[in-house]
Amino acid sequence: MAGRTARLVLLAGAAALASGSQGDREPVYRDCLLRCEERNCSGGALKHFRSRQPIYMSLAGWTCRDDCKYECMWVTVGLYLREGHKVPQFHGKWPFSRFLCFQEPASAVASFLNGLANLVMLCRYRTSVPASSPMYPTCVVFAWVSLNAWFWSTVFHTRDTDLTEKMDYFCASSVILHSVYLCCVRTVGLQHPAVASAFRALLLLMLTAHVSYLSLVRFDYGYNMAVNVAMGLVNAAWWLAWCLRNQRLPHVHKCVAVVLLLQGLSLLELLDFPPLFWVLDAHAIWHISTIPVHVLFFRPACLHHAPLPPGDALELCLASVGSPLRPPPLAFWKMTASTC
(Lines give C-alpha, C1' and ligand atoms only; values in the text may rest on other atoms or scores of the structure.)
Protein backbone atom coordinates (compact mmCIF):
# COMPACT_ATOMS: atom_id res chain seq x y z
CA MET A 1 0.00 0.00 0.00
CA ALA A 2 2.77 2.43 0.93
CA GLY A 3 4.65 1.58 -2.25
CA ARG A 4 1.62 2.32 -4.41
CA THR A 5 1.06 5.62 -2.59
CA ALA A 6 4.66 6.63 -3.18
CA ARG A 7 4.36 5.74 -6.84
CA LEU A 8 1.23 7.87 -7.21
CA VAL A 9 2.99 10.84 -5.61
CA LEU A 10 5.98 10.46 -7.94
CA LEU A 11 3.70 10.19 -10.94
CA ALA A 12 1.86 13.32 -9.90
CA GLY A 13 5.13 15.24 -9.88
CA ALA A 14 6.28 13.79 -13.17
CA ALA A 15 2.98 14.61 -14.87
CA ALA A 16 3.40 18.27 -14.04
CA LEU A 17 6.66 18.30 -15.97
CA ALA A 18 5.72 16.16 -18.91
CA SER A 19 3.11 16.06 -21.61
CA GLY A 20 -0.11 14.15 -21.10
CA SER A 21 -2.38 14.04 -18.09
CA GLN A 22 -1.78 12.56 -14.69
CA GLY A 23 -4.44 9.87 -14.96
CA ASP A 24 -3.51 8.40 -18.33
CA ARG A 25 0.16 8.32 -17.30
CA GLU A 26 -0.63 6.10 -14.32
CA PRO A 27 0.65 2.53 -14.87
CA VAL A 28 -2.55 1.14 -13.38
CA TYR A 29 -4.53 2.87 -16.13
CA ARG A 30 -2.18 1.68 -18.86
CA ASP A 31 -2.13 -1.89 -17.60
CA CYS A 32 -5.90 -1.93 -17.31
CA LEU A 33 -6.27 -0.54 -20.84
CA LEU A 34 -3.89 -3.13 -22.28
CA ARG A 35 -5.66 -6.04 -20.59
CA CYS A 36 -9.10 -4.74 -21.57
CA GLU A 37 -8.14 -4.38 -25.24
CA GLU A 38 -6.57 -7.85 -25.34
CA ARG A 39 -9.66 -9.35 -23.73
CA ASN A 40 -12.45 -7.49 -25.57
CA CYS A 41 -11.20 -5.78 -28.72
CA SER A 42 -10.08 -8.53 -31.07
CA GLY A 43 -11.43 -11.67 -32.72
CA GLY A 44 -14.64 -13.16 -31.41
CA ALA A 45 -14.64 -10.88 -28.36
CA LEU A 46 -14.80 -7.83 -30.62
CA LYS A 47 -17.73 -9.31 -32.56
CA HIS A 48 -19.49 -9.99 -29.26
CA PHE A 49 -18.84 -6.39 -28.16
CA ARG A 50 -20.29 -4.99 -31.38
CA SER A 51 -23.34 -7.25 -31.21
CA ARG A 52 -24.28 -6.06 -27.73
CA GLN A 53 -23.31 -2.40 -28.20
CA PRO A 54 -26.39 -0.12 -28.25
CA ILE A 55 -27.11 1.40 -31.65
CA TYR A 56 -26.84 4.96 -30.32
CA MET A 57 -23.31 4.23 -29.09
CA SER A 58 -22.15 2.89 -32.44
CA LEU A 59 -23.77 5.81 -34.28
CA ALA A 60 -21.90 8.21 -32.00
CA GLY A 61 -18.63 6.49 -32.90
CA TRP A 62 -17.85 4.80 -29.58
CA THR A 63 -15.39 1.94 -30.15
CA CYS A 64 -14.22 -0.98 -28.05
CA ARG A 65 -11.04 0.89 -27.20
CA ASP A 66 -13.08 3.92 -26.14
CA ASP A 67 -15.11 1.73 -23.79
CA CYS A 68 -11.90 0.31 -22.34
CA LYS A 69 -10.57 3.83 -21.76
CA TYR A 70 -13.80 4.74 -20.00
CA GLU A 71 -13.81 1.71 -17.73
CA CYS A 72 -10.10 1.96 -16.89
CA MET A 73 -10.49 5.67 -16.18
CA TRP A 74 -12.92 4.90 -13.36
CA VAL A 75 -10.69 2.10 -12.06
CA THR A 76 -7.86 4.63 -11.77
CA VAL A 77 -10.09 7.32 -10.25
CA GLY A 78 -11.23 4.84 -7.61
CA LEU A 79 -7.62 4.04 -6.77
CA TYR A 80 -6.71 7.71 -6.38
CA LEU A 81 -9.69 8.40 -4.14
CA ARG A 82 -8.98 5.38 -1.94
CA GLU A 83 -5.39 6.56 -1.53
CA GLY A 84 -6.56 10.05 -0.58
CA HIS A 85 -5.28 11.82 -3.68
CA LYS A 86 -7.00 14.40 -5.82
CA VAL A 87 -9.01 13.35 -8.86
CA PRO A 88 -6.68 13.19 -11.90
CA GLN A 89 -7.37 14.25 -15.46
CA PHE A 90 -7.26 11.86 -18.42
CA HIS A 91 -6.11 12.98 -21.85
CA GLY A 92 -6.53 16.61 -20.86
CA LYS A 93 -10.06 16.23 -19.46
CA TRP A 94 -11.70 15.58 -16.11
CA PRO A 95 -13.51 12.24 -15.72
CA PHE A 96 -17.20 12.56 -16.60
CA SER A 97 -19.96 10.07 -16.00
CA ARG A 98 -21.22 9.13 -19.46
CA PHE A 99 -24.96 9.25 -20.08
CA LEU A 100 -26.15 7.23 -23.07
CA CYS A 101 -23.72 8.39 -25.78
CA PHE A 102 -23.01 11.79 -24.20
CA GLN A 103 -19.44 12.08 -23.00
CA GLU A 104 -20.06 15.37 -21.16
CA PRO A 105 -23.84 15.38 -20.61
CA ALA A 106 -24.27 18.78 -18.96
CA SER A 107 -22.18 20.68 -21.50
CA ALA A 108 -23.80 18.85 -24.40
CA VAL A 109 -27.33 19.63 -23.20
CA ALA A 110 -26.44 23.25 -22.46
CA SER A 111 -24.93 23.67 -25.92
CA PHE A 112 -28.00 22.12 -27.52
CA LEU A 113 -30.33 24.44 -25.61
CA ASN A 114 -28.28 27.47 -26.62
CA GLY A 115 -28.45 26.38 -30.24
CA LEU A 116 -32.19 25.73 -30.00
CA ALA A 117 -32.77 29.16 -28.48
CA ASN A 118 -30.66 30.71 -31.21
CA LEU A 119 -32.73 28.97 -33.91
CA VAL A 120 -36.06 29.96 -32.36
CA MET A 121 -35.00 33.59 -31.99
CA LEU A 122 -33.65 33.64 -35.54
CA CYS A 123 -37.09 32.57 -36.79
CA ARG A 124 -38.73 35.28 -34.71
CA TYR A 125 -36.23 37.83 -35.95
CA ARG A 126 -36.87 36.99 -39.60
CA THR A 127 -40.63 37.30 -39.14
CA SER A 128 -40.40 40.54 -37.12
CA VAL A 129 -37.74 42.55 -38.94
CA PRO A 130 -38.07 43.53 -42.61
CA ALA A 131 -35.35 42.21 -44.88
CA SER A 132 -34.73 45.76 -46.09
CA SER A 133 -33.39 46.80 -42.67
CA PRO A 134 -29.73 47.90 -42.90
CA MET A 135 -28.51 45.37 -40.32
CA TYR A 136 -30.73 42.48 -41.45
CA PRO A 137 -28.17 40.55 -43.59
CA THR A 138 -25.39 40.89 -41.02
CA CYS A 139 -27.66 39.81 -38.16
CA VAL A 140 -29.02 36.78 -40.03
CA VAL A 141 -25.53 35.62 -41.00
CA PHE A 142 -24.41 36.13 -37.41
CA ALA A 143 -27.30 33.93 -36.25
CA TRP A 144 -26.32 31.11 -38.62
CA VAL A 145 -22.65 31.37 -37.64
CA SER A 146 -23.70 31.14 -33.98
CA LEU A 147 -26.05 28.25 -34.65
CA ASN A 148 -23.26 26.37 -36.43
CA ALA A 149 -20.95 26.93 -33.46
CA TRP A 150 -23.52 25.65 -30.97
CA PHE A 151 -24.10 22.60 -33.15
CA TRP A 152 -20.42 21.68 -33.11
CA SER A 153 -20.20 22.46 -29.41
CA THR A 154 -22.99 19.93 -28.84
CA VAL A 155 -21.25 17.36 -31.05
CA PHE A 156 -17.89 17.89 -29.34
CA HIS A 157 -19.30 17.48 -25.83
CA THR A 158 -21.19 14.41 -27.00
CA ARG A 159 -18.16 12.74 -28.56
CA ASP A 160 -14.65 14.15 -28.14
CA THR A 161 -12.52 13.32 -31.17
CA ASP A 162 -9.76 15.18 -32.95
CA LEU A 163 -12.22 16.36 -35.63
CA THR A 164 -15.02 17.43 -33.28
CA GLU A 165 -12.57 19.26 -31.03
CA LYS A 166 -11.14 21.26 -33.91
CA MET A 167 -14.58 22.08 -35.30
CA ASP A 168 -15.74 23.28 -31.88
CA TYR A 169 -12.71 25.53 -31.46
CA PHE A 170 -12.70 26.87 -35.01
CA CYS A 171 -16.43 27.61 -35.03
CA ALA A 172 -16.17 29.39 -31.69
CA SER A 173 -13.45 31.60 -33.15
CA SER A 174 -15.65 32.36 -36.16
CA VAL A 175 -18.44 33.54 -33.84
CA ILE A 176 -16.12 35.85 -31.95
CA LEU A 177 -14.73 37.39 -35.13
CA HIS A 178 -18.19 37.77 -36.63
CA SER A 179 -19.35 39.46 -33.44
CA VAL A 180 -16.52 41.97 -33.85
CA TYR A 181 -17.58 42.45 -37.48
CA LEU A 182 -21.18 42.99 -36.37
CA CYS A 183 -19.95 45.70 -34.01
CA CYS A 184 -17.97 47.30 -36.82
CA VAL A 185 -20.95 47.32 -39.17
CA ARG A 186 -23.25 48.86 -36.55
CA THR A 187 -20.86 51.55 -35.35
CA VAL A 188 -18.98 52.37 -38.56
CA GLY A 189 -20.13 50.32 -41.51
CA LEU A 190 -23.59 51.81 -41.99
CA GLN A 191 -22.00 55.18 -42.68
CA HIS A 192 -18.84 53.85 -44.34
CA PRO A 193 -19.55 50.55 -46.15
CA ALA A 194 -16.07 50.43 -47.67
CA VAL A 195 -14.53 50.40 -44.20
CA ALA A 196 -16.75 47.51 -43.16
CA SER A 197 -15.86 45.55 -46.31
CA ALA A 198 -12.14 46.04 -45.73
CA PHE A 199 -12.51 45.06 -42.08
CA ARG A 200 -14.45 41.94 -43.07
CA ALA A 201 -11.63 40.92 -45.41
CA LEU A 202 -9.12 41.44 -42.60
CA LEU A 203 -11.13 39.29 -40.18
CA LEU A 204 -11.50 36.53 -42.77
CA LEU A 205 -7.74 36.59 -43.31
CA MET A 206 -7.18 36.40 -39.55
CA LEU A 207 -9.56 33.45 -39.23
CA THR A 208 -7.89 31.64 -42.14
CA ALA A 209 -4.44 32.17 -40.63
CA HIS A 210 -5.64 31.08 -37.19
CA VAL A 211 -7.25 27.88 -38.45
CA SER A 212 -4.29 27.10 -40.71
CA TYR A 213 -1.79 27.44 -37.90
CA LEU A 214 -3.79 25.23 -35.53
CA SER A 215 -4.44 22.65 -38.27
CA LEU A 216 -1.12 22.51 -40.11
CA VAL A 217 1.52 23.72 -37.65
CA ARG A 218 0.50 23.04 -34.06
CA PHE A 219 -2.76 22.72 -32.18
CA ASP A 220 -1.81 25.07 -29.34
CA TYR A 221 -4.53 25.38 -26.69
CA GLY A 222 -2.87 28.33 -24.98
CA TYR A 223 -2.48 30.26 -28.22
CA ASN A 224 -6.09 29.56 -29.20
CA MET A 225 -7.40 30.78 -25.87
CA ALA A 226 -5.20 33.88 -25.95
CA VAL A 227 -6.44 34.86 -29.41
CA ASN A 228 -10.09 34.31 -28.51
CA VAL A 229 -9.82 36.24 -25.25
CA ALA A 230 -8.01 39.12 -26.96
CA MET A 231 -10.64 39.41 -29.70
CA GLY A 232 -13.41 39.08 -27.12
CA LEU A 233 -11.95 41.92 -25.09
CA VAL A 234 -11.72 44.07 -28.21
CA ASN A 235 -15.35 43.28 -28.94
CA ALA A 236 -16.49 44.13 -25.40
CA ALA A 237 -14.44 47.34 -25.24
CA TRP A 238 -15.81 48.45 -28.61
CA TRP A 239 -19.41 47.93 -27.49
CA LEU A 240 -18.79 49.60 -24.12
CA ALA A 241 -17.30 52.62 -25.87
CA TRP A 242 -20.33 52.78 -28.15
CA CYS A 243 -22.67 52.62 -25.15
CA LEU A 244 -20.73 55.40 -23.46
CA ARG A 245 -21.21 57.64 -26.51
CA ASN A 246 -24.93 56.80 -26.71
CA GLN A 247 -26.00 57.24 -23.11
CA ARG A 248 -29.20 58.96 -24.27
CA LEU A 249 -30.66 55.60 -25.31
CA PRO A 250 -32.90 53.87 -22.76
CA HIS A 251 -31.34 51.04 -20.79
CA VAL A 252 -27.83 51.51 -22.18
CA HIS A 253 -26.55 51.32 -18.63
CA LYS A 254 -28.11 47.87 -18.35
CA CYS A 255 -26.43 46.84 -21.58
CA VAL A 256 -23.13 47.89 -20.03
CA ALA A 257 -23.91 45.85 -16.93
CA VAL A 258 -24.69 42.75 -18.99
CA VAL A 259 -21.51 43.08 -21.04
CA LEU A 260 -19.50 43.25 -17.82
CA LEU A 261 -21.46 40.39 -16.31
CA LEU A 262 -20.82 38.21 -19.33
CA GLN A 263 -17.13 39.01 -19.04
CA GLY A 264 -17.29 37.89 -15.42
CA LEU A 265 -19.12 34.68 -16.26
CA SER A 266 -16.44 33.79 -18.77
CA LEU A 267 -14.02 33.60 -15.84
CA LEU A 268 -15.76 30.36 -14.89
CA GLU A 269 -13.50 28.78 -17.49
CA LEU A 270 -10.59 29.49 -15.15
CA LEU A 271 -12.21 27.52 -12.28
CA ASP A 272 -10.74 24.18 -13.22
CA PHE A 273 -12.27 21.74 -10.73
CA PRO A 274 -13.40 18.10 -10.95
CA PRO A 275 -17.03 17.88 -12.10
CA LEU A 276 -19.69 17.90 -9.40
CA PHE A 277 -21.48 14.55 -9.33
CA TRP A 278 -19.10 13.65 -12.20
CA VAL A 279 -21.30 15.72 -14.55
CA LEU A 280 -21.22 19.45 -13.82
CA ASP A 281 -17.92 21.25 -14.32
CA ALA A 282 -17.06 24.94 -14.71
CA HIS A 283 -17.43 24.81 -18.49
CA ALA A 284 -20.96 23.39 -18.25
CA ILE A 285 -21.92 25.94 -15.59
CA TRP A 286 -20.68 28.72 -17.86
CA HIS A 287 -22.74 27.43 -20.79
CA ILE A 288 -25.84 27.17 -18.61
CA SER A 289 -25.39 30.54 -16.89
CA THR A 290 -25.45 32.67 -20.04
CA ILE A 291 -29.12 31.98 -20.86
CA PRO A 292 -30.91 33.09 -17.66
CA VAL A 293 -28.72 36.18 -17.30
CA HIS A 294 -29.86 37.50 -20.67
CA VAL A 295 -33.49 36.51 -20.14
CA LEU A 296 -33.61 38.22 -16.73
CA PHE A 297 -32.11 41.40 -18.12
CA PHE A 298 -33.81 41.81 -21.47
CA ARG A 299 -37.30 40.88 -20.33
CA PRO A 300 -37.71 43.96 -18.11
CA ALA A 301 -35.56 46.10 -20.38
CA CYS A 302 -37.40 45.42 -23.62
CA LEU A 303 -40.77 43.80 -23.03
CA HIS A 304 -42.25 46.10 -20.40
CA HIS A 305 -41.45 49.52 -21.81
CA ALA A 306 -42.95 51.64 -24.52
CA PRO A 307 -41.75 50.95 -28.09
CA LEU A 308 -38.66 52.84 -29.17
CA PRO A 309 -38.25 54.78 -32.39
CA PRO A 310 -36.93 52.49 -35.17
CA GLY A 311 -33.39 53.83 -35.06
CA ASP A 312 -33.07 53.69 -31.29
CA ALA A 313 -34.56 50.20 -31.16
CA LEU A 314 -32.01 48.92 -33.63
CA GLU A 315 -29.18 50.54 -31.72
CA LEU A 316 -30.33 49.07 -28.42
CA CYS A 317 -30.73 45.62 -29.96
CA LEU A 318 -27.22 45.54 -31.31
CA ALA A 319 -25.71 46.92 -28.11
CA SER A 320 -26.26 43.60 -26.39
CA VAL A 321 -23.50 41.60 -28.08
CA GLY A 322 -20.47 41.35 -25.84
CA SER A 323 -19.51 37.85 -24.68
CA PRO A 324 -15.74 37.24 -24.95
CA LEU A 325 -15.89 33.56 -25.92
CA ARG A 326 -19.47 32.92 -26.99
CA PRO A 327 -22.22 35.32 -28.16
CA PRO A 328 -25.42 35.85 -26.18
CA PRO A 329 -27.80 34.46 -28.83
CA LEU A 330 -30.95 34.16 -26.73
CA ALA A 331 -30.81 37.73 -25.45
CA PHE A 332 -29.78 39.14 -28.79
CA TRP A 333 -32.58 37.59 -30.78
CA LYS A 334 -35.13 38.03 -27.99
CA MET A 335 -34.35 41.72 -28.03
CA THR A 336 -34.40 42.11 -31.79
CA ALA A 337 -37.62 40.17 -32.16
CA SER A 338 -39.41 42.16 -29.47
CA THR A 339 -38.21 45.71 -30.10
CA CYS A 340 -36.79 46.10 -33.59
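Within the stretch 87-111, the residues that satisfy the criterion of being surrounded by fewer than 18 Cβ atoms within 10 Å (Cβ to Cβ) and either free of Cβ contacts under 8 Å to residues at least 12 places away in the same chain or not in a loop (DSSP other than H, G, I, E, B) (or both) are Lys93, Phe99.
Does Arg124 satisfy the condition of being open to solvent by 30 Å² or more (accessible area, probe 1.4 Å) and in a helix (DSSP H, G or I)? So Arg124 passes the test.
Comparison of Ala194, Ala257, Ala236, Ala209 shows that the only residue that is over 30 Å from Val87 (Cβ atoms), touching a residue at least 24 places away in the same chain (Cβ under 8 Å), surrounded by fewer than 16 Cβ atoms within 10 Å (Cβ to Cβ) and not β-branched (Val, Ile, Thr) is Ala257.
Considering only the stretch 147-162, I want to know if a residue exists there that is basic (Lys, Arg), over 21 Å from Ser266 (Cα atoms) and part of a helix (DSSP H, G or I). Outline the logic, then answer.
So in the stretch 147-162, the residues basic (Lys, Arg) come out as 159.
Still in the list and also over 21 Å from Ser266 (Cα atoms): 159.
From what's left, part of a helix (DSSP H, G or I): none.
No, that holds for no residue.
No other residue among Gly84, Gly115 is open to solvent by less than 60 Å² (accessible area, probe 1.4 Å) and either out of contact with any Gly (no Cβ under 8 Å at 6 or more places or on another chain) or not in a helix (DSSP H, G or I) (or both) apart from Gly115. Within the stretch 36-48, residues that are in contact (Cβ under 8 Å) with a residue 24 or more places away in the chain have Cβ atoms under 7 Å from residues that are open to solvent by 50 Å² or more (accessible area, probe 1.4 Å) in these pairs: Cys36/Glu71; Glu37/Arg65; Cys41/Arg65, counting only partners at least 6 apart in sequence or on another chain. In the stretch 164-175 there is at least one residue matching the filter, namely being of a type in the set (A, V, I, L, M, F, W, C), at pLDDT below 90 and either within 18 Å of Trp144 (Cβ to Cβ) or open to solvent by 60 Å² or more (accessible area, probe 1.4 Å) (or both).
The values are calculated or read from the model by the stated rules, or taken from the named source; none is laboratory data. Treat the numbers as computed from the prediction; the structure is a model and nothing was measured. As a convention, Cβ positions derive from the backbone with ideal geometry for all residues, glycine included, and neighbour counts pool all protein chains shown. Calculation scope for accessible area: heavy atoms of the full protein, side chains included, ligands and nucleic acids excluded. Shrake-Rupley method; radii C 1.70, N 1.55, O 1.52, S 1.80 Å.
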